[in-house]
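Chemist: Right, I'll just put the structure down here and ask away after.
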Amino acid sequence: MRDWGIEQKWMSILLPLLLLYNDPFFPLSFLVNSWFPGMLDAFFQALFLCSLLLFWLCVYHGIRVQGERKCLTFYLPKMIIVGLLWLSAVTLGIWQT
């Protein structure tokens with residue numbers, strides 16, 4: 001894993017999230033008459049889409065900046081912006097169900 005490129009590391013995160021985005025707990029909505037399956041679906045959709053947005057922000061900014069990617073100056077501002085979007089998406093998604 002040390003020899004992986006940055007895109008391969010991101011794919012190891014995005015591929016399992018893609019499985020969760022596909023709503024693997026959909027049959028649970030037929031078995032349980034509750035708000036819980038809808039909440040899981042909203043949570044996983046927001047998680048995948050915000051992770052994908054974070055990936056694209058990091059990749060395109062990484063193309064522009066050819067230096068070292070320090071956590072505080074490179075990733076933290078993007079994580080704050082995407083975290084706020086994730087929080088609002090999860091809140092609206094749960095509220096909608």
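Chemist: Picking from Q66, Q45, Q8, which residue would you name as being exposed (fewer than 11 other Cβ atoms within 10 Å of the Cβ), of a type outside the set (V, I, T) and in a helix (DSSP H, G or I)?
Modeler: Q8
Chemist: Within segment 31-48, count every residue that is among the aliphatic types (A, V, I, L, M) and in contact with a helix residue (DSSP H, G or I) (Cβ under 7 Å, 6 or more places away or on another chain).
Modeler: Qualifying residue count, segment 31-48: 4.
Chemist: Counting only residues that are over 8 Å from the mean Cα position of the chain (by Cα) and surrounded by 15 or more Cβ atoms within 10 Å (Cβ to Cβ), how many does segment 48-61 have?
Modeler: Final tally of qualifying residues: 3.
Chemist: Return only the number of the condition from (1) part of a helix (DSSP H, G or I); (2) surrounded by 14 or more Cβ atoms within 10 Å (Cβ to Cβ) that D23 does not satisfy.
Modeler: (1)
Chemist: Check Y60, Y75 and return the single one that is among the aromatic types (F, W, Y) and either in contact (Cβ under 8 Å) with a residue 24 or more places away in the chain or touching a Lys or Arg at 6+ places or on another chain (Cβ under 9 Å) (or both).
Modeler: After applying the criteria, what remains is Y75.
Chemist: Mind counting the residues in segment 83-97 that are over 18 Å from F36 (Cα atoms) and of a type in the set (G, A, S)?
Modeler: Going through segment 83-97 one residue at a time, the tally reaches 2.
Chemist: Quick one: how many residues across segment 53-77 are among the basic types (K, R) and farther than 15 Å from G5 by Cα?
Modeler: Number of matching residues: 2.
Chemist: Inspect segment 20-40 for any residue being among the hydrophobic types (A, V, I, L, M, F, W, C) and within 12 Å of the chain's Cα centre (by Cα) and give the result as yes or no.
Modeler: The answer is yes; a qualifying residue exists.
Values in this text are rule-based calculations from the coordinates and carry no lab data. As the structure is a computational prediction, the values presented were derived from the model and not from experiment. Neighbour counts are summed over all protein chains in view; Cβ atoms, including those assigned to glycine, are modelled from backbone coordinates with ideal geometry.
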